[in-house]
Amino acid sequence: MIKKTGFITRVVCTPDGLVREPGMTITDPGTYDTVVCTPGMEKEAVIFENHKTQFLVQTEYEFTPREICRFMIEGGKARIVTKKTIDGERSFVENAATVKTGDSYSCTLRFKISGEEAIYGLGQHERGTYNYRNTKEYLYQNNMQIPMPVFLSSAGYAVVFDADCLMTYEEAQNEIRLDLDAADQINYYVITGEGFDRLVEGIRCLTGQAVMLPRWAFGYIQSKERYVSQEDILDTRKEFKDRQIPLSCLVLDWKSWEEGKWGNKIMDKNRFPDLSSMTEQLHKDDTAFMVSIWPNMNRGCENNREMLEAGKLLANLSTYDAFDPEARDLYWRQCEQELFLGGTDAWWCDSTEPFTPDWNGLEKREDGQRYELAKSELTKYFDARIANNFALAHAKGIYEHQTAACREKRVVNLTRSGSLSIQKYGTVLWSGDIMATWDVFRRQIAEGLSMCMSGIPYWTLDIGAFFAGSTQGFRRFSNVREGEAPWFWQGLFEKGVQDLGYRELYTRWLQMGTFLPVMRSHGTDTPREPWNFGEPGEKYYDTIVSYIRFRYKMLPYSYSLAHMVEEDSYTMFRSLMFDFACDPQVKNMAGEFMYGPAYLVCPVTKAMEYGPENEKLKGPKSWEVYLPSGAQWYHQKTKEFYAGGRAYEVEAPVTWQPVFIRAGSIIPVDSKCGKKGIADTIEVYEGADGRFLYYMDNGMDYRYREGQYAAISMQYNDETKTLSLDKVQGSYDYPRTFGIRFYRKDGTLKKGRMDYCGKTASYMFG
């Protein structure tokens with residue numbers, strides 16, 4: 001069988017001839033060309049062609065009958081125990097019997113691919129794999145793992161699986177094998193297009209468009225484990241203000257509730273006596289408030305009793321059933337009653353796996369063992385056919401209820417887990433509770449790029465890692481000896497901010513984080529506010545503060561990119577494969593990335609000044625960077641001009657990170673580093689034609705969908721040295737004057753001023 005593909009082609013393999021409706025992740029099944037494989041066609045090839053060139057072959061599939069079961073806790077010997085774990089207080093069912101609830105299949109699907117192509121995507125995985133050739137990956141939810149059943153190829157196609165179950169991916173000898181734990185049919189979509197932006201567009205066509213986050217989400221977010229009181233939070237905000245360090249959001253991590261009431265969405269009034277008063281004071285300083293909420297609630301607390309009486313808890317009688325619409329209704333009412341009506345601006349939906357049985361022990365289990373353990377635990381509570389989708393259902397409930405209750409606040413949901421289509425619910429995915437080592441830092445870049453290539457636009461991490469040290473931090477959970485911290489709590493810096501080695505690592509991490517879609521500092525073991533890393537005049541403090549301020553200088557640019565995410569299916573945090581796929585050097589290059597169309601970011605991922613325990617290091621303070629071909633580049637710091645297609649050794653003191661700006665870039669900036677995202681200056685870089693759409697709205701609500709925005713299309717013609725601004729679109733206010741900064745290839749800078757009245761205008765640099 002030969003099938004010439006259009007933009008999207010659907011393939012259904014059915015064990016019984018019935019074609020079933022798509023699952024939770026497919027928002028728009030559309031009217032795409034469809035190939036149906038019925039019984040007897042298991043080994044009949046499906047060949048995909050584009051312009052008479054074969055690019056993918058489905059070789060065979062098979063179905064193996066399996067039962068769907070669930071826990072039985074009524075009667076018998078079932079026992080529920082609550083344990084204090086490193087991942088919060090959890091309830092578990094022990095000695096429970098299972099009961100059969102239905103029949104389904106385990107499924108296997110095989111593809112043939114070419115030997116030259118690279119495979120990307122699959123979400124976020126701990127090993128930091130970038131190109132998934134000759135690898136095996138397990139797709140299940142875990143603390144530091146977010147699976148996405150989609151892969152993209154350098155050959156110009158993507159494959160999206162409508163599969164909500166656990167899966168495994170394996171490629172060897174030009175064959176990809178997918179194993180689905182439980183599904184009633186095999187349903188997948190093949191997308192073709194010129195460039196990765198087009199492939200991501202196809203993914204979001206199927207799974208839903210990402211929605212606009214509020215403007216503050218693109219500033220700086222300060223978090224730690226944890227602010228212990230209302231006074232603590234307000235004092236922290238005052239310190240930022242007194243030091244003139246911009247701040248957009250403060251985060252209250254776990255335990256806002258009374259002792260012993262884990263996950264209760266009622267504040268401890270001894271520590272947080274007046275939430276409304278606290279948020280009002282924060283809002284006066286233009287600072288948002290985010291609070292941690294959990295899907296599990298300790299047995300006996302108010303929220304738990306309400307869920308129990310309504311019959312909306314899973315078998316552990318602690319975690320609510322997010323798949324049940326009525327349970328989602330009740331969960332929102334609990335969130336709304338005090339937290340949302342008290343002025344909360346954003347949700348930190350923690351522990352949305354919500355079962356991670358492999359996250360324990362001194363030694364890390366083998367990947368296959370971890371997968372089987374997770375599968376065993378998850379399918380005790382969920383139908384195996386949807387076992388990967390708890391976080392998606394949870395996010396759906398938060399988003400739909402908040403948007404129905406209030407149109408004045410856009411939804412922000414920072415969540416540790418997710419599935420395809422979660423982008424349409426105002427979510428930001430973060431990489432989990434990582435540890436402070438240079439190797440983990442390096443791997444995080446590849447993990448984030450893989451996630452964004454999977455169609456998820458908003459990804460972030462704990463700047464500086466969650467676990468700074470190991471044994472000393474772990475002692476608050478257990479009386480342990482040296483070296484007995486669990487495998488995932490093995491940071492290198494027991495003394496935290498008192499260790500100059502950690503200060504260097506944190507500073508480098510923050511430099512990289514400045515160019516992520518969401519910039520957020522968080523962790524345990526040691527404090528994370530800038531003043532813990534020194535005082536004014538000291539290099540680590542000054543560098544940290546300078547990068548936070550630069551984040552706000554970029555805010556008009558970043559917020560414009562966010563508009564492109566919703567409007568054009570754009571990706572902000574970009575693998576070099578998006579823009580430079582024709583350069584063969586970038587196929588396996590995971591250590592650099594683009595932030596929008598202008599900035600090439602080359603993070604420094606090794607220690608140059610200090611090792612752990614303040615060990616002084618010797619050696620050059622330089623870093624090798626590769627500047628992709630097909631563009632010319634400016635060094636962000638020196639403005640030195642570089643040709644593309646070459647590697648360079650550049651200076652890299654801890655005070656700056658190697659960043660390059662693409663010739664032809666147009667960058668709207670706020671020279672005053674304010675929070676409104678209003679540009680007062682336009683930077684233009686000679687050497688190529690360029691375009692950019694500068695976008696503004698009130699940054700808070702959904703009125704932009706009704707035309708309350710301003711968008712100014714900007715073009716630069718390199719031949720005539722002319723910057724042109726088109727007529728403003730929309731009904732929102734816009735700047736009437738711009739400072740102009742024109743950077744030339746010879747290193748000179750031309751400054752000017754441009755008046756703009758909302759109509760077509762030009763500025764010639766001469």
Nearest 5 is fine: what % of DSSP beta bridges in segment 666-764 come out antiparallel, could you say?
-> 85
Quick one: work out the % antiparallel among DSSP beta bridges in segment 285-436, nearest 5.
-> 15
How much length, in nm to one decimal, is gained on full extension between Asn614 and Ser671, taken as 0.36 nm per residue of separation minus their Cα-Cα distance?
-> 16.9 nm
Please turn the phi angles of segment 147-153 into ³J(HN,Hα) values with the Karplus equation 6.51 cos²θ - 1.76 cosθ + 1.60 (θ = phi - 60°), one per residue in order, whole Hz, x for glycine and proline.
-> x, 10, x, 8, 9, 10, 10
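Cβ neighbours within 10 Å, averaged per peptide: list 383-396, 617-630, 435-448 in order, most packed at the top. Working shown, then result.
On the way: 383-396: 24.6, 617-630: 15.4, 435-448: 22.2.
Final packing ranking: 383-396, 435-448, 617-630.
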The set of residues whose placed amide H lies less than 5 Å from the amide H of Asp33, leaving out same-chain residues fewer than 5 positions away, is Arg10
Measure off 7 Å from each Cα along the Cα-to-Cβ vector at Glu194 and Asp755, then give the distance between these two points in nanometres to one decimal.
-> 4.2
Which entries in Lys639/Lys727; Lys100/Lys375; Lys83/Lys380; Lys84/Lys265 show an alpha-carbon gap greater than 21 Å?
-> Lys639/Lys727
Using +1 on the beta carbon of Lys and Arg, -1 on that of Asp and Glu, and nothing else charged, what's the dipole of segment 666-764 about the Cα centre, debye to 20?
-> 260
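Fewest to most neighbouring Cβ within 10 Å: what's the order for Arg70, Arg127? Don't skip to the end; give the middle numbers.
Numbers: Arg70 19, Arg127 12.
So the ranking, lowest neighbour count to highest, is Arg127, Arg70.
Just subtract the alpha-carbon distance of Thr53 and Lys745 from 0.36 nm times their residue separation and send over the number in nm, one decimal. Display every interim value, and only then the final one.
Details: separation 692, 0.36 × 692 = 249.12 nm, distance 4.17 nm.
Separation in residues times 0.36 nm, less the Cα-Cα distance, equals 244.9 nm.
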Using the alpha-carbon centroid of each, what span in Å lies between segment 473-530 and segment 347-407?
-> 25
Entries of Lys269/Lys495; Lys539/Lys621; Lys553/Lys745; Lys396/Lys676; Lys618/Lys745; Lys261/Lys409 with Cα pairs more than 26 Å apart | Lys269/Lys495; Lys396/Lys676; Lys618/Lys745; Lys261/Lys409
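Of the peptides 456-462, 83-89, how do they stack up when ordered by the mean number of other Cβ atoms within 10 Å, highest first?
Values: 456-462: 27.0, 83-89: 15.7.
Descending mean neighbour count gives 456-462, 83-89.
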Built amide H within the under 5 Å cut-off of Gly121, gap 5+ = Leu152
What is the set of long-range amide H partners of Trp262 at a cut-off below 5 Å, with H atoms built 1.01 Å from backbone N?
-> Asn298
Burial order of peptide ranges 141-152, 7-18 (average beta-carbon count within 10 Å, highest first) | 141-152, 7-18
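What percent antiparallel are the DSSP beta bridges of the chain, to the nearest 5?
Working: 116 of 152 bridges.
Around 75 percent of the beta bridges assigned by DSSP in the chain are antiparallel ones.
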Would you be so kind as to identify which of Thr352, Tyr220, Asn187 lies farthest towards the positive end of the dipole of the chain, taking Lys and Arg as +1 and Asp and Glu as -1 on Cβ and the Cα centre as origin?
-> Tyr220
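Let me spell out the model: positive unit charges on the Cβ of Lys and Arg, negative unit charges on the Cβ of Asp and Glu, origin at the Cα centre of the chain. What dipole size does that give, in debye rounded to 20? Don't skip to the answer; put the middle values down first.
Working: 92 positive and 106 negative charges, 301 e Å.
Charge dipole, the chain, about its Cα centre: 1440 debye, nearest 20.
Based solely on its DSSP helices, what 222 nm [θ] is calculated for the chain when runs of n ≥ 4 H residues each add -39,500 (n - 2.57) and the sum is averaged over all residues, nearest 500 deg cm²/dmol? Write down the numbers at each step before the final one.
On the way: 13 runs with 153 residues, N = 766.
Counting only the DSSP helices, I get -6000 deg cm²/dmol.
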Asp726-Thr31 pseudo-label distance in nm [points 7 Å out on the Cα-to-Cβ vector] = 2.9
Classify segment 208-255 as rounded, prolate or oblate from the Cα gyration tensor: take a ≥ b ≥ c as the square roots of its eigenvalues, call it rounded if a/c is under 1.5, otherwise prolate when a/b beats b/c and oblate if not.
-> oblate
Measuring from centroid to centroid over Cα atoms, what is the spacing of segment 716-735 and segment 131-183 in Å?
-> 43
Sequence order, segment 60-70: Karplus ³J(HN,Hα) from phi using 6.51 cos²θ - 1.76 cosθ + 1.60, θ = phi - 60°, Hz rounded, Gly and Pro as x, gives 6, 8, 8, 10, 10, x, 8, 8, 9, 10, 9
The simple spin-label model distance between Ser277 and Thr38, using points 7 Å out along Cα→Cβ, in nm, is 7.2
Residue span Arg299 to Glu538: 0.36 nm per residue of separation minus Cα-Cα distance leaves a gain in nm of 81.1 nm
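Only the coordinates and a few stated rules stand behind these numbers; no lab work does. Values in this document were obtained by computation on a predicted structure and should not be read as measured data. Neighbour counts run over all protein chains shown; Cβ positions are idealised from the backbone, glycine included.
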